[in-house]
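The values are calculated or read from the model by the stated rules, or taken from the named source; none is laboratory data. Every value quoted in this text rests on a predicted model; they were computed, and no experiment measured them. With ideal geometry, Cβ positions are generated from the backbone for all residues, glycine too; neighbour counts draw on all protein chains shown. Note: accessible area is taken over every heavy atom of the protein model, side chains too, but ligands, DNA and RNA are not part of it. Shrake-Rupley method; radii C 1.70, N 1.55, O 1.52, S 1.80 Å.
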Amino acid sequence: MRAKTRDMNINTSSTKTMENPSSPPSSTIPSFFRCPISLDVMRSPVSLCTGVTYDRSSIQQWLDSGNNTCPATMQVLPSKDFIPNLTLHRLINLWSSSSPPRLPPLPDLLRDLQSSTTNTHHLLSSLSSFASSSDLNRASLSLSPSPSVLLSLLARHGNDDGDLSVLAGAARVLSLLNLTDPIPETPPIARALSRLLRAGSTDSRVDAALVLDSLARSSPDARLALASSDYGLLPLLLRMLDETHSSAVDAALACLITLSSPRRARAQVVRLGVVPKLTRILSSELPAETVERALKMMETASTCTEGRAAICGEEGCVGAVLGMVLKGSAAATEHATVVLWSVCCLFWDKRARDAVAKGGNGSTKMLLLMQGSFSPAVREMAGDLLKIFRVSNPKCGITGYETKTTHIMPF
């Protein structure tokens, strides 16, 4: 009998999970609201003479199957009469009215999205609300067919005569998901996202950049295909760096860093003028997190010859980077140090070395870097940069520091 009860529980629960993976996560449902047989929230809770409460339909099915025991306690029932649990019923109704609305079964919703219905905006809004409500909801949607359906929706509406609001709605949901599968059709999706970047609202542009970043992370081939797309994604992302909204700048920087992974794309981003824009961001009042990301992009640019030449040739760029050393987070300081080392020691550009040597408190910053809890590579770079100050200004006191101080380990 107990095995039979367990089988009923397992079968009912697994069927529900398959039919409606979009139901609220189980952790949000109070355990005593669930029927011990079906494990679902009870619609009509009734109590047996043993004191255990079940959903009416589930316990009725149990008794109609010829059982004369309480499923939970396995006690023989002297009476099979039900007593409605009105108090629990009121609590469940109160909880249901205050809980977020549930999605219709996900397969039905995705089927409606794939067809040309007039309800598309409402369906996308429902998906967005569901995905925004919890990490578990986002994970369940990411593992479902939702991403491929939404990407197909983008491709369908990517033409200039497509519905821009549908593109915005689909991009909003996709920006909340983890996209790990390869892109099915790169050109149509790139066209749709470029249209959003070009003509969408600020929020839609941010969502489009986030989707691009997520798609680019899915595979190296995707990064190269999106970066070299005929729809001008890189120029559109660079244009976002001139916006005043920090969310737009931050999303564009994140996407550019990912797309610049291939060397060809990195050189193209530099040729399109990323370095002057990054220099302006370093001197702006944007949040520290955005400035840190700008330094990361500057470091990415400094790993190619074109990028190092642009950094050295941009007036005020090296000085701005030096000013970020020990000013923000440890990560920002390390990004800035790598940029300085790349142009001064690897590229050995005289303009960059002169700018570093003339920078205020440059030698002090390098000494502090060498003593700080930074990575060994960064501390070694700081030692190399320190030599620039010694060569450029022999009277700066660094020689005395090197001969009298022993707590800095040589490299």
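For region 242-264, a residue qualifies if it is closer than 23 Å to G313 by Cβ, surrounded by fewer than 22 Cβ atoms within 10 Å (Cβ to Cβ) and not β-branched (V, I, T), and the qualifying residues are D242, R263, R264.
Of all the listed residues (V343, V321), the sole one being in contact with an Asp or Glu (Cβ under 6 Å, 6 or more places away or on another chain) and modelled with pLDDT of 90 or more is V343. Restricting the first member to region 326-350 and to residues that are within 14 Å of S375 (Cα to Cα), and the second to residues that are open to solvent by 60 Å² or more (accessible area, probe 1.4 Å), the beta-carbon pairs closer than 6 Å and six or more apart or on different chains are T333/L326; H335/K296. Quick check, is D354 of a type outside the set (A, V, I, L, M, F, W, C), farther than 23 Å from T290 by Cα and touching a Lys or Arg at 6+ places or on another chain (Cβ under 8 Å)? So D354 fails the test.
Tell me, please, whether a residue that is within 22 Å of R34 (Cα to Cα), free of Cβ contacts under 8 Å to residues at least 24 places away in the same chain and open to solvent by 80 Å² or more (accessible area, probe 1.4 Å) can be found in region 95-106. Yes, because at least one residue in region 95-106 is within 22 Å of R34 (Cα to Cα), free of Cβ contacts under 8 Å to residues at least 24 places away in the same chain and open to solvent by 80 Å² or more (accessible area, probe 1.4 Å).
The set of residues in region 344-366 that are farther than 12 Å from K387 by Cβ, in a helix (DSSP H, G or I) and open to solvent by 30 Å² or more (accessible area, probe 1.4 Å) comprises L346, K350, R351, D354, A355, K358, T364, K365. R239 meets each of the listed conditions (1) part of a helix (DSSP H, G or I); (2) within 21 Å of the chain's Cα centre (by Cα) apart from (2). Residues that are in contact with a helix residue (DSSP H, G or I) (Cβ under 8 Å, 6 or more places away or on another chain) and surrounded by fewer than 18 Cβ atoms within 10 Å (Cβ to Cβ) within region 277-288 comprise S283, S284, P287, A288, listed in sequence order.
As for region 28-36, it holds at least one residue that is polar (S, T, N, Q), modelled with pLDDT under 90 and open to solvent by 40 Å² or more (accessible area, probe 1.4 Å). Of the set (1) closer than 22 Å to H121 by Cβ; (2) open to solvent by 10 Å² or more (accessible area, probe 1.4 Å); (3) of a type in the set (S, T, Y), all apply to S228 but (1). Remark: A252 falls outside the filter, which requires a residue to be under 22 Å from I189 (Cβ atoms), part of a helix (DSSP H, G or I) and modelled with pLDDT under 95. If you go through region 327-343 and pick out every residue that is buried (at least 16 other Cβ atoms within 10 Å of the Cβ) and either small (G, A, S) or farther than 14 Å from E299 by Cβ (or both), you end up with 4. When R390, R379 are checked against the criterion of being farther than 21 Å from G313 by Cα, of a type in the set (D, E, K, R), modelled with pLDDT under 90 and open to solvent by 40 Å² or more (accessible area, probe 1.4 Å), R390 stands alone in meeting it. Among the candidates D203, D181, D221, D213, the residue that is in contact with a Cys (Cβ under 7 Å, 6 or more places away or on another chain) and either outside any helix (DSSP H, G or I) or open to solvent by 10 Å² or more (accessible area, probe 1.4 Å) (or both) is uniquely D213. Within the span defined as region 296-315, one or more residues are among the hydroxyl-bearing types (S, T, Y) and surrounded by 21 or more Cβ atoms within 10 Å (Cβ to Cβ). Exactly one residue among S148, S126, S79 is at pLDDT 80 or above, in a helix (DSSP H, G or I) and surrounded by fewer than 17 Cβ atoms within 10 Å (Cβ to Cβ), and that residue is S148.
In region 8-26 there is no residue matching the filter, namely being in a loop (DSSP other than H, G, I, E, B), in contact with a helix residue (DSSP H, G or I) (Cβ under 9 Å, 6 or more places away or on another chain), modelled with pLDDT of 90 or more and surrounded by 16 or more Cβ atoms within 10 Å (Cβ to Cβ).
Search region 184-199 for residues being among the small types (G, A, S) and open to solvent by less than 10 Å² (accessible area, probe 1.4 Å), and hand back the single one that is farthest from L153 (Cα to Cα).
S194
Inclusion of R90 among residues that are surrounded by 15 or more Cβ atoms within 10 Å (Cβ to Cβ) and over 17 Å from S31 (Cβ atoms) is not warranted.
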